[in-house]
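Worksheet: one structure, shown below.
The values are calculated or read from the model by the stated rules, or taken from the named source; none is laboratory data. The structure displayed is predicted, hence computed values, not measured ones. With ideal geometry, Cβ positions are generated from the backbone for all residues, glycine too; neighbour counts draw on all protein chains shown. The area values use the complete protein model at the heavy-atom level, side chains included, leaving out ligands, DNA and RNA. Shrake-Rupley method; radii C 1.70, N 1.55, O 1.52, S 1.80 Å.
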Amino acid sequence: MTALQTLDDTPMLEDQNLLLNQFFTLWAMLDPISHLPLFLGATAELDRQERQRSALMGVGFAFLILVFFGIAGQYLLHAMGISLISFQIAGGIILLLFSTSMVLSEPPSPAAAQAAASNNALNVAVYPLGTPIIAGPGAMLSIIILTDNNRFTLPQQISTFGVLAAVLGLLLVIFLLGDRIGRVIGRGGTNVLRRVMGVILAALSVNLIVSALAQWLNLPPI
């Protein structure tokens with residue numbers, strides 16, 4: 001391999017690493033497996049067909065909410081005089097606290113989500129499924145950070161929304177197969193997966209904080 005070929009391959013490898021980092025960040029943040037019990041609880045009053053309709057609409061609503069925050073979130077921060085470095089550090093701390101709760105605490109009970117559910121698939125899709133179960137505060141923070149105008153170009157931001165669509169597509173598949181998956185892995189398997197996702201998210205959160213501090217202090221990247 002020549003030096004020219006190596007230079008040509010470098011941007012491609014960087015793009016691949018960026019996409020993988022974004023995928024695992026969004027996967028850990030959205031955490032489809034641990035949200036499955038909440039989905040089953042929120043749609044417990046619905047029949048199978050209505051549950052599937054609720055899953056489709058809920059994921060669609062969550063995608064629109066997160067895309068909105070990805071496009072307009074940074075401008076809202078600018079209007080309030082909040083820098084992206086400050087937001088990245090704050091977001092990393094919040095994500096770290098959230099990941100710690102994922103690892104150390106018990107998974108949330110579906111009873112609370114079930115109490116808020118009604119017999120209407122649209123109502124359930126908007127609340128609590130679309131938000132806050134899927135598009136919660138942590139997911140909103142993540143998508144704003146991953147589409148930072150100062151760090152990412154427009155094509156990279158578009159690819160981020162593509163990654164988001166892919167993760168939500170997998171989430172939708174898990175929701176549609178929720179009854180079967182719940183019977184296969186059981187509550188114990190759900191707890192294990194939740195804690196593993198929490199550890200990964202904690203590492204990504206620390207990386208966000210350290211990277212922001214390195215940028216602020218003009219230190220070499222980690």
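Residues that are open to solvent by less than 60 Å² (accessible area, probe 1.4 Å) and over 9 Å from Ile144 (Cβ atoms) were ranked within the stretch 73-87; the one that is farthest from the chain's Cα centre (by Cα) is Ser83. Apart from one condition, Gly73 fits all of (1) touching a residue at least 60 places away in the same chain (Cβ under 8 Å); (2) assigned to a helix (DSSP H, G or I); (3) within 14 Å of Ala125 (Cα to Cα); the exception is (3). With the structure loaded, tell me whether Leu36 is at pLDDT 85 or above, open to solvent by less than 10 Å² (accessible area, probe 1.4 Å), touching a helix residue (DSSP H, G or I) at 6+ places or on another chain (Cβ under 6 Å) and more than 23 Å from Trp216 (Cβ to Cβ) or whether it fails that test. No, not satisfied.
Could you please give the count of residues in the stretch 21-67 that are of a type in the set (D, E, K, R) and part of a helix (DSSP H, G or I)?
Result for the stretch 21-67: 4.
Checked against (1) in a helix (DSSP H, G or I); (2) at pLDDT below 80; (3) not hydrophobic (A, V, I, L, M, F, W, C), Asn149 passes all but a single condition, namely (1).
With respect to being open to solvent by less than 60 Å² (accessible area, probe 1.4 Å) and more than 26 Å from Tyr127 (Cβ to Cβ), Gly92 fits the description.
For Arg180, indicate whether it is assigned to a helix (DSSP H, G or I), among the basic types (Lys, Arg) and surrounded by 13 or more Cβ atoms within 10 Å (Cβ to Cβ). Considered against the rule, which asks whether it is assigned to a helix (DSSP H, G or I), among the basic types (Lys, Arg) and surrounded by 13 or more Cβ atoms within 10 Å (Cβ to Cβ), Arg180 comes out as no.
Against the numbered list (1) without any contact (Cβ under 8 Å) to a residue 40 or more places away in the chain; (2) open to solvent by 70 Å² or more (accessible area, probe 1.4 Å); (3) closer than 17 Å to Phe23 by Cβ, Gly162 comes up short only at (2).
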